[in-house]
Structures are given as structure tokens and as C-alpha cells.
Amino acid sequence: MKKFVLLIMTAVLLTTTLSGCIFQMLYNEYRTSTTDNHSAEDIEETVLVNEKDITVTAKRLGKYEKDIFSFEKALVIEIDNQSAENISVELRNASINGYMISTVAGADVEVGQTNTLAEPFDETGLKRCGITTFADIEFSVTVTDTDTSDVILETDPVCIETFAKTDYSYQYDETGTVAYDKDGIKIVVKGVFYDEWSGKENIEVYVANKSDKAVTVSVKDGKINGKKTELYYGADIFSGKHDISSMSFGEDNTDNKDTKIKTFTGSFAVYDYTTGDVIVEKTDAITVTFE
């Protein structure tokens with residue numbers, strides 16, 4: 001009799017254990033299948049603006065294709081305008097994975113209409129910063145009156161995280177020649193690259209802003225290959241952000257006809273982005289030789 005009871009108890013325990021295993025397997029399969037419904041760079045739908053009868057919602061990441069333009073990565077947003085004015089909506093001061101990256105579009109929405117905008121990001125900037133995966137996107141939303149250009153509202157910075165953020169490793173390449181490194185601002189002349197759009201060489205400049213304010217960095221008193229040259233460089237970097245932008249020189253510059261950059265000599269200036277006040281009037285001049 002005792003053996004019979006023991007057999008019954010063993011059978012019940014085994015059945016319970018197997019049922020638990022089967023349930024766990026089914027749960028794991030369900031969890032995996034529901035997670036796989038999201039791509040690594042997908043986002044949760046997020047309301048960005050909901051005031052003054054205007055609603056702006058981030059829907060997903062996708063492609064942007066219009067006319068001859070095509071961008072692999074764009075933020076798809078829906079704009080519902082129930083206000084009394086025709087509006088224009090822009091995403092400003094954007095950064096991706098901590099790098100400042102320009103947006104290249106915007107949308108006009110008439111009264112009572114709902115439009116969907118695919119906001120692309122500058123692919124040249126993404127490539128320059130080595131960004132292939134979006135972990136987070138930060139920006140502010142600006143809504144203006146289409147007819148008068150008056151600002152109706154502007155949000156504080158909004159950060160949207162993708163499902164890739166969990167496993168993403170944030171890295172910033174600071175290799176190059178340091179031109180300035182004080183008070184939370186670091187400027188590095190990285191190197192030369194060939195710009196296909198202009199058909200000539202440009203210089204990459206990296207800036208890290210660990211200060212508590214947004215700054216604008218520009219070049220001063222530049223020379224290319226030892227000759228005084230009109231250089232074009234300016235970058236806005238918000239607090240806690242990084243930037244890699246290009247420095248170029250004019251095609252019609254009479255003082256320098258060379259297109260092959262061998263050396264750069266110059267200084268930089270740093271300004272408060274908000275007030276325009278001078279933070280650093282002129283850094284010490286450096287000379288960088290490129291191989």
C-alpha cells in the first residue's frame with residue numbers, strides 16, 4: 001500500500017513538474033515572439049506635444065523617400081492641428097546617441113488637418129560620427145504660425161529611447177590633435193577627409209561639451225598649407241553633447257588654390273549659444289600636419 005501511495009505521489013509530482021516546464025517554455029516562446037515584433041531600433045509611441053489644440057506624436061522609426069531624396073533613417077511623427085492657425089512644425093537641436101545631428105525637414109499642417117511627417121536625419125553627419133544604430137534621439141519641438149512665423153510653442157528637450165539602448169555601448173572618438181581642453185570644452189582637430197559634394201578635402205573637428213551651457217565653436221585666423229585662408233566652420237553643441245563637423249575653405253580663394261590639405265594652422269573661439277557672450281575669445285594657435 002505504501003509503495004502504491006508513493007507511486008501516486010511521484011506521478012503527481014512529475015506531472016506538476018512537466019506542466020511547469022511546459023508552461024515556462026510556452027511563456028518564453030510568447031515573450032520572445034512579442035519582443036521580436038519590435039525591431040532593435042523601434043520606439044514606444046510617445047506624445048511630444050499636447051497643448052493649445054495641437055498634438056504631436058512620435059510613432060516609429062522608418063525611411064524617408066520623397067522626390068529624388070532618400071534617407072534610411074527618419075523619425076515618423078503625426079501632427080494633429082485643431083488650433084485656429086495654420087502651423088509649421090520642426091524638430092530642432094537634435095542629437096543621436098549623444099552626437100549633435102541635423103534634421104533636414106519639417107511639416108506644414110493646415111487648420112483641422114492631421115499630417116504625418118517622416119523627419120530624416122543628416123546621413124553625412126551620421127556617417128561622420130560612426131552612428132549605425134539609434135539608441136536614443138533627443139530634440140525640442142518648435143511650432144510656429146505658418147503665416148506670421150510667430151512661435152506658438154517650443155518644448156524642452158525630449159529624449160526618445162529605442163529598444164537598442166539596453167545593449168548599446170556609448171563611445172566617442174577623441175583621437176586627433178587637441179586644440180583646446182578647459183572648463184568642460186574639448187576641441188580636437190581629427191583629420192582630413194574627401195567631401196564628395198564639394199569635390200575637395202575638408203577637415204574634421206570634434207567637440208565635446210561637458211560644461212553646463214550650450215556653446216557655439218568657430219574657427220579664427222586659419223591657414224591651410226601655410227597660407228592665410230578663409231575657413232568655414234561653426235558648430236552648436238549643447239550641454240553634455242558631442243559633435244563632429246567639417247571645416248572647409250572657399251573654392252575661389254585667391255590666396256590658396258591648393259585642394260590637397262597638408263597642414264592646418266589656426267585658433268578657435270567659443271561663445272555662449274543662448275546669449276552670444278564670449279567664453280573663449282581665442283584659443284592658442286596650433287599647427288597640424290596631415291599625412
Next item on the list: Quick one: in segment 125-178, of everything that is within 29 Å of ILE286 (Cα to Cα) and charged (D, E, K, R), which residue is surrounded by the most Cβ atoms within 10 Å (Cβ to Cβ)?
Entry: ARG128
Notebook entry, point to check: Within the set of pairs 6+ apart or on separate chains, which have a first residue in segment 78-94 that is farther than 13 Å from ASP108 by Cα, a second that is among the aromatic types (Phe, Trp, Tyr), and C-beta atoms under 9 Å apart?
Noted result: ARG92/PHE139; ASN93/PHE139; ASN93/PHE238; ALA94/PHE121; ALA94/PHE139
Note to self: Can you pull out every residue in segment 267-282 that is farther than 17 Å from MET100 by Cβ and loosely packed, with under 11 Cβ neighbours inside 10 Å?
What the structure shows: THR275, GLY276, ASP277, GLU281
Checklist line | Extreme residue, nearest to PHE290 (Cα to Cα), among residues of segment 168-204 that are in contact with an Asp or Glu (Cβ under 9 Å, 6 or more places away or on another chain) and charged (D, E, K, R) | finding: LYS190
Next item on the list: Considering only segment 70-101, state which residues are surrounded by fewer than 16 Cβ atoms within 10 Å (Cβ to Cβ) and under 11 Å from the mean Cα position of the chain (by Cα).
Entry: ARG92
Note to self: Residue under question is PHE249, and the condition is that it be at pLDDT below 95 and not small (Gly, Ala, Ser); does it hold?
What the structure shows: yes
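Looking only at segment 261-291, which residues are part of a loop (DSSP other than H, G, I, E, B) and touching a Ser or Thr at 6+ places or on another chain (Cβ under 6 Å)? Please lay out each step first, then the result.
As a first pass, look at segment 261-291 and keep what is part of a loop (DSSP other than H, G, I, E, B): 261-262, 273-277, 281-285, 290-291.
Of everything in segment 261-291, those that are part of a loop (DSSP other than H, G, I, E, B) and touching a Ser or Thr at 6+ places or on another chain (Cβ under 6 Å) turn out to be TYR273, LYS282, THR283, ALA285.
What tally of residues in segment 135-177 results from selecting those that are part of a strand (DSSP E or B), of a type in the set (Ser, Thr, Tyr) and either within 17 Å of the chain's Cα centre (by Cα) or closer than 15 Å to GLU90 by Cα (or both)? Walk me through how you get there before you give the answer.
Here is the first cut: in segment 135-177, the residues part of a strand (DSSP E or B) are 136-145, 151-154, 158-162, 177.
Next, from what is left, pick out any that are of a type in the set (Ser, Thr, Tyr): 140, 142, 144, 162, 177.
Still in the running and either within 17 Å of the chain's Cα centre (by Cα) or closer than 15 Å to GLU90 by Cα (or both): 140, 142, 144, 162.
Qualifying residue count, segment 135-177: 4.
Filter segment 189-203 down to residues that are among the acidic types (Asp, Glu) and either surrounded by 13 or more Cβ atoms within 10 Å (Cβ to Cβ) or not in a loop (DSSP other than H, G, I, E, B) (or both), then give me how many there are.
Taking segment 189-203 and keeping what is among the acidic types (Asp, Glu), we get 195-196, 201.
The next check asks that each one be either surrounded by 13 or more Cβ atoms within 10 Å (Cβ to Cβ) or not in a loop (DSSP other than H, G, I, E, B) (or both); those that pass are 195, 201.
Qualifying residue count, segment 189-203: 2.
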Notebook entry, point to check: Does VAL111 fit the bill of being closer than 19 Å to ILE87 by Cα and touching a residue at least 60 places away in the same chain (Cβ under 8 Å)?
Noted result: no
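The values are calculated or read from the model by the stated rules, or taken from the named source; none is laboratory data. Owing to the predicted nature of the structure, the values given are computational and were not obtained by experimental measurement. Cβ sites come from the backbone with ideal geometry, for glycine too, and all protein chains shown count toward neighbours.
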